[in-house]
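Structure first, commentary second.
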Amino acid sequence: MARHGENIYKRKDGRYEGRYVTGKKSNGTTRFGYVYGMRYTDVKKRLLEKKAEIQQTIHPEAAVRGMTVEKWMRSWLETDLLGGIKPSSYLTYLNQMNRHILPCLGRMQMASITPEMVHSFLECLQAKGLGENTVRGIYRLLSAAMRAALDDGIIAKNPCRKICVKRGERVQQRVFSREEQKKVEKTLSQGEDLTALFAMYTGLRLGEICGLRWSDINWENGTATVCRTVQRLKRMDTDKCLKCGDAKTYLMIGSPKSPSSCRTIPIPTFLLKRLEMQKKQRSAVQLTTGYIFGTGMRAADPRTIQRRFAGVVRRLEIPDAHFHTLRHSYATRLLEMGVDVKTVSQLLGHSSAKTTLDCYAHSLLDQQRSAVAKLSACACL
């Protein structure tokens, strides 16, 4: 179906199909409802009506004065926001709301919130010792909820408008020294697990590595296509899960972090040879739809791989290192060798070269100093 407007698609039979969020399933994924019609405008109107019905069902007070921050934000998260974001993002927003916004503002009337109250709320968060970026994230969630309330006529003005929240400075990423990297590589090369070596020499995120299937490898070109990621997420209702005997968490297989994260990257020759050795031990079915680093037809669990790598660096007595350090080290080594930022950005799957510049400014500064030193050595003064 071809997309035609927000959440409205044109079907092959000529009709339009509208999709709206009705809630969540027990595993945390989104439950949708559908409306159909021959005209786009009719479907759009019916979608708005369905949305209003759901709002009234969840919170009948939504259309009247006296709506509290808690009632509005819970309604907004479940009906407006849930369908357009990843489950991991939804859980982050839910945590920010429950831990920080609702304890301070939850019982207050939406219409009573003023810019001064928002300022005081942000100062309270800072006084608790929360980092600047954490505070900024909480503010952005509150501001988005207020904008939605303004659009729906719940409030007359957005109290978050024109409030500026400072962006925190990026923390310099931990990178393996060359000596540490050699020790890690030597240890990893002696084992059969290739996940850490793959991260060290491709720069893939852990979830992207877990999501690789045999069908993603182009053996002729020596490349891997990154088109999915694996995450371990908490279930929405952990109490209900425990009563039913289900685990508190589950593996979620979805699309990568951003559109630019869907990419094709080269694989070093020695890794291809190691993969070919493993390939011979897999069945025809596994090679068609199976995961490279999983068990049988199941994807590898990121948590298991993290724990395994943590054991490696602990035995080598390398401090403050984790699996993502492999990705940072990969990018840093490329920049140290003079690879241009745009190429590094594409290999990493960053949304823009600016992201790469922000993350690895320290490496670029070292590279610039080296370049200036070489130029100075050639001076005739």
Could you figure out which of (1) under 30 Å from S143 (Cβ atoms); (2) under 21 Å from the mean Cα position of the chain (by Cα) isn't true of E208? (1)
Tally of residues being in a helix (DSSP H, G or I) and among the charged types (D, E, K, R) across segment 264-322: 9
List the pairs whose first member sits in segment 336-360 and is farther than 17 Å from A224 by Cα, whose second member is acidic (D, E) and in a helix (DSSP H, G or I), and whose Cβ atoms are under 9 Å apart, counting only residues at least 6 apart or on separate chains? E336/D366
Among all residue pairs at least 6 apart or on different chains, which show Cβ distances below 6 Å where the first residue, located in segment 302-324, is touching a residue at least 12 places away in the same chain (Cβ under 8 Å) and the second is in a loop (DSSP other than H, G, I, E, B)? Q306/F323; F309/F323; V313/A321; D320/R174
Can you name the residue in segment 242-263 that is over 30 Å from H350 (Cβ atoms) and either in a helix (DSSP H, G or I) or modelled with pLDDT of 85 or more (or both) and is also nearest to the chain's Cα centre (by Cα) among such residues? L242
With the structure loaded, tell me whether S189 is closer than 27 Å to F323 by Cβ and modelled with pLDDT under 90 or whether it fails that test. yes
Per-region count, segment 208-231, residues within 19 Å of H324 (Cα to Cα) and either hydroxyl-bearing (S, T, Y) or not assigned by TED's automatic domain parsing to the domain that holds T264 (or both): 1
Only residues that are without any contact (Cβ under 8 Å) to a residue 60 or more places away in the chain, in a loop (DSSP other than H, G, I, E, B) and touching a strand residue (DSSP E or B) at 6+ places or on another chain (Cβ under 9 Å): list them for segment 163-221, please. N221
Test N158 against the criterion of being free of Cβ contacts under 8 Å to residues at least 40 places away in the same chain, assigned to a helix (DSSP H, G or I) and surrounded by 13 or more Cβ atoms within 10 Å (Cβ to Cβ), and give yes or no. no
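The values are calculated or read from the model by the stated rules, or taken from the named source; none is laboratory data. Bear in mind the structure is a predicted one, so any value in this text is a computation, not a measurement. No Cβ is skipped: glycine too gets one built from the backbone with ideal geometry, and neighbour counts run over all protein chains shown.
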